[in-house]
1. Can you run down the residue pairs with Cβ atoms below 9 Å, 6 or more apart or on separate chains, where the first is in the stretch 303-317 and at pLDDT 95 or above and the partner is acidic (Asp, Glu)?
2. Would you confirm, using the coordinates I've provided, whether Ala188 is farther than 30 Å from Ala340 by Cβ, modelled with pLDDT of 95 or more and aliphatic (A, V, I, L, M)?
3. Tell me the strands (runs of 3 or more DSSP E) entirely within the stretch 317-415 that contain at least 2 residues that are within 16 Å of ligand 2 (Cβ to nearest atom) and either within 17 Å of Val99 (Cβ to Cβ) or small (Gly, Ala, Ser) (or both).
4. Hey, any hits in the stretch 86-102 for a residue that's under 25 Å from Tyr217 (Cβ atoms) and surrounded by fewer than 21 Cβ atoms within 10 Å (Cβ to Cβ)?
5. Has the stretch 50-59 got at least one residue that is within 22 Å of Lys393 (Cα to Cα) and within 16 Å of ligand 2 (Cβ to nearest atom)?
6. Applying the selection to the stretch 86-140, what residues are out of contact with any Asp or Glu (no Cβ under 7 Å at 6 or more places or on another chain), of a type in the set (D, E, K, R) and assigned to a loop (DSSP other than H, G, I, E, B)?
7. State whether the residues of the stretch 195-216 include one that is within 16 Å of ligand 1 (Cβ to nearest atom), assigned to a strand (DSSP E or B) and under 30 Å from Cys284 (Cβ atoms).
8. For residues that are within 16 Å of ligand 1 (Cβ to nearest atom) and either without any contact (Cβ under 8 Å) to a residue 24 or more places away in the chain or of a type in the set (Gly, Ala, Ser) (or both), scanning just the stretch 77-118, find the one that is farthest from His193 (Cα to Cα).
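The values are calculated or read from the model by the stated rules, or taken from the named source; none is laboratory data. The shown structure was predicted, so the numbers you read here are calculated from the model rather than taken from an experiment. Cβ placement follows ideal geometry from the backbone for every residue including glycine, while neighbour counts extend to all protein chains displayed. These area figures cover heavy atoms from the full protein model, side chains too; ligands, DNA and RNA do not enter into them. Shrake-Rupley method; radii C 1.70, N 1.55, O 1.52, S 1.80 Å.
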Amino acid sequence: MSQLSNLQINGDRLWDALMEMAKIGPGVAGGNNRQTLTDEDGEGRKLFQSWADAAGLTMGVDTMGNMFFRREGTDPDALPVYVGSHLDTQPTGGKYDGVLGVLGALEIVRTLNDLGVKTKHPIVVTNWTNEEGTRFAPAMLASGVFAGVHEEAWAKDRVDAKGKRFGDELARIGWEGDEPVGSRKMKAFFELHIEQGPILEDEDLDIGVVTHGQGLYWLEVRLTGKESHTGSTPMPKRRNAGLGMARVTELVHETAMDFQPSAVGAIGHVEVYPNSRNIIPGRCVFTIDIRSPSKETLEEMKARIEDGIATIAEAMDIEAEMEVVGHFDPVTFDKACVTAVRDAAERLGLSHTDLVSGAGHDACWINRVAPTAMVMCPCVDGLSHNEAEEISKDWATNGANVLMHAVVETAEVVA
Ligand code: HGY
Ligand code: MN
Ligand code: MN
């Protein structure tokens, strides 16, 4: 691809697109709240569709609402190179998590159109539905159905905190397509994402070449004690589910600390019933999020937490139930695709390091059905899943340039 070694995206145009998309589903502190299958998600999808349309792309939507925008190659039968990420955000999300990967993919197409560059393989820009898993668990739900990990019917029956069904909400916002999910075949898939961790910024590096993704469990726990008066119930007679949850929270933290430096664990989702100031909580439902790059460590942590919960419940005379609501093993990305990313960073004279992704991504599932790799760029203080998430235009530009070179290399430029 020497004739295009200095191929560069238009960083200003990418930045403008990011700022434009960020206006949809604004948060309360400068970030975004564009949760999956909300009206705001529908609006963001429509805006993106208009941009893709203007770039001459042909849209396809599958039955999970995954969006695909195809730029023709010179060989219509060649397997396309897919590139994308997700437009949905956390409730207190940033402007770049996922969005940079989708808009970076569009910027590649815009640049190739500007320069009249043709590729043998078609290129397909992708937006995966419900990567975040915050409204409908688990995370990476629609890419998981696409990769054959989840049954479509099970996924469509997932409900949010208000009891709304995924399938109904997808139909309501008008983005349920007719393409059978998972029917598309890929030559490769590439995803650009902010690191959501501190390594690249701390080490003043431009690019993360993601070789692996750590594994994850989401364990939903239901502790049942007994509501009673906070004033008149003697301490020894209490069956306090809230205290049980506090002890499990400590257990999760201590278990992760036993497997440093790589393991992590926390509880981010909590429902307390009846959540009244003067009633001892009778029921707590919460989700444990544990992760590790090592499958053995992940399984060991899960087993220790399971046993620990049983011990806590027995000692406190409360009931405990646990359900796995999300899980994927550690992921090893495709060597050839990872090399394409690393070579692209080299070619562009960008500093880089190999990375294990701390967060889960759609790429983790797509890696099961197509050769896949990820490009990461730094983010300020490694902060993400926080409205203060921030990146620089240069970081975004470098990341999108590496993504473009890896994609174009794989899609084979036709002189
Ligand atoms: O949870 C994750 O790692 C991703 O941000 N959904
Ligand atoms: Mn993401
Ligand atoms: Mn995220």
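1. Between residues of the stretch 303-317 that are at pLDDT 95 or above and residues that are acidic (Asp, Glu), the close pairs are Arg304/Asp258; Gly308/Glu254; Ala313/Glu319.
2. Here the answer is no, as Ala188 does not meet what is asked.
3. Here the list reads 372-377.
4. Yes: one or more hits.
5. No; the residues of the stretch 50-59 include none that is within 22 Å of Lys393 (Cα to Cα) and within 16 Å of ligand 2 (Cβ to nearest atom).
6. Selection gives nothing.
7. yes
8. My answer is Gly93.
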